[in-house]
1. To make sure I understand the rule: partners must be lysines, Cα under 18 Å from the Cα of residue 193, and not fewer than 8 residues away in the same chain. Which ones qualify?
2. Short version: ³J(HN,Hα) in whole Hz for each residue of region 188-204, in order, from phi by Karplus 6.51 cos²θ - 1.76 cosθ + 1.60 (θ = phi - 60°), x for Gly and Pro, what are they?
3. What number results when the radius of gyration of region 26-283, computed over Cα atoms, is divided by 2.2 N^0.38 Å?
4. By how many nm would the segment from residue 139 to residue 228 grow when fully extended, if each residue of separation counts as 0.36 nm and the alpha-carbon distance is taken off?
5. In whole Hz, what ³J(HN,Hα) sequence does region 209-222 give by Karplus (6.51, -1.76, 1.60; θ = phi - 60°), x for Gly and Pro?
6. Relative contact order for region 26-283 using alpha-carbon pairs under 8 Å, separation at least 6, rounded to a whole percent?
7. Just in region 110-202: which GluC sites (Glu not before Pro) are loop by DSSP and have at most 13 other Cβ atoms within 10 Å?
8. To the nearest 20 debye, what is the magnitude of the charge dipole of region 164-273 about its Cα centre, counting +1 on the Cβ of each Lys and Arg and -1 on the Cβ of each Asp and Glu?
Amino acid sequence: MLNVTRYHGDQDKEYVGFATLPNQVHRKTVKKGFTFTLMVAGETGLGKSTLINSLFLTDLYRDRKVPNAEERIGQTVDIIKHTIGIEEKGIKLRLSIIDTPGFGDAVNNTASWKHVEDYIDQQFEQYFRDESGLNRKNIQDNRVHCLLYFISPFGHGLRPIDVECMKALHEKVNIIPLLAKADSLTQAEVYSKKLKMRDEIKQFGINIYQFPECDSDEDEDFKRQEQILKDSIPFAVIGSNIQVDSKGRKFRGRSYPWGVVEVENPIHSDFLMLRNMLVRTHMQDLKDVTREIHYENYRAQCIQNMTRMMVQERKRSNRSATDFLLLSFQLRKMQEVLERIQEQMQQSQTGTC
């Protein structure tokens, strides 16, 4: 590496200009825009739609038809994609929300997460094909970057379907578990359920999204915020699209006979922490982990399977060639035997005459 030290001239002459590289990258990225794909899963009635609308200040489900009890019994898992464009201070984000209505609603929920798993794999497969094609300039990244998994607050921890689903998906997508409808629990209940769920996640070997480790040179405030995030899993959340007016102040929340719940009040829920984590602090890391770990695992598996198929095909081809040579040799031997028999028959006929 060449170190250049300038001793003469003013400061402008000593300035080469590569310090503006971050600005160049920033301008190019802003012009191109950003993409993020978020999937939500959990049984009906846990407030998934409301939370998504609250997180991104939008209404994605205005035309939704809520199935009745009879329809839900026989309902299969659907995959519904909503894509919206959001712009904030000149920054454009193409946000895709993947909803999974019908998940966990049937009488028999065996392998009900298979539809979710298949969808995630299909997006990996499409990206792999596009990446391997000739025109790689405008590849659309539809890979699922994050899965918000909603857990019912009314049980005694994780249900069997929660365990099986997260174990089936944890090597394919960043899972962030959420304790839904936190306003139905007391603060003591929220705390005890979080501890129990964290223990069960560890006990069953479920790999949820891991927040990146802080560098040693990070400031103490940043390290403290990261530790708070880690200690808050699963996030206890509340959603609401209703503006509540209380004591001359308007905010999104829910009004009950015993009081008012504020969605964005850190004392009442982890909603604000979840939104800041998803949008302000860890969106890029979620995309990086998807690309560098989950997609690379899928890509390596694809290449390994393709290599195995090629080796098997080559062996089959070699075996076919060997079989052909053996058959040819046997046919030639049989032909020689037939020729000798014909020769003997002709000689015997000649001798008889």
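1. Cross-link targets: 181, 202, 230.
2. 5, 5, 4, 4, 5, 5, 4, 4, 5, 5, 5, 4, 5, 4, 5, 4, 8
3. In units of the globular-protein estimate, region 26-283 measures up at 1.05.
4. Difference between extended and current length: 28.4 nm.
5. Residue by residue, region 209-222 yields 4, 9, 5, x, 5, 6, 6, 5, 8, 5, 6, 5, 5, 5 Hz.
6. The value is 18 percent.
7. Sparse-neighbourhood loop GluC sites (Glu not before Pro): 171.
8. 720 debye
The values are calculated or read from the model by the stated rules, or taken from the named source; none is laboratory data. Quantities reported herein were computed from a predicted structural model and do not represent experimental measurements. Positions of Cβ are generated from backbone atoms using ideal geometry, with glycine treated the same way; all protein chains shown enter the neighbour counts. For the accessible areas, the whole protein counts, side chains as well, though only heavy atoms, and no ligand, DNA or RNA atoms are used. Shrake-Rupley method; radii C 1.70, N 1.55, O 1.52, S 1.80 Å.
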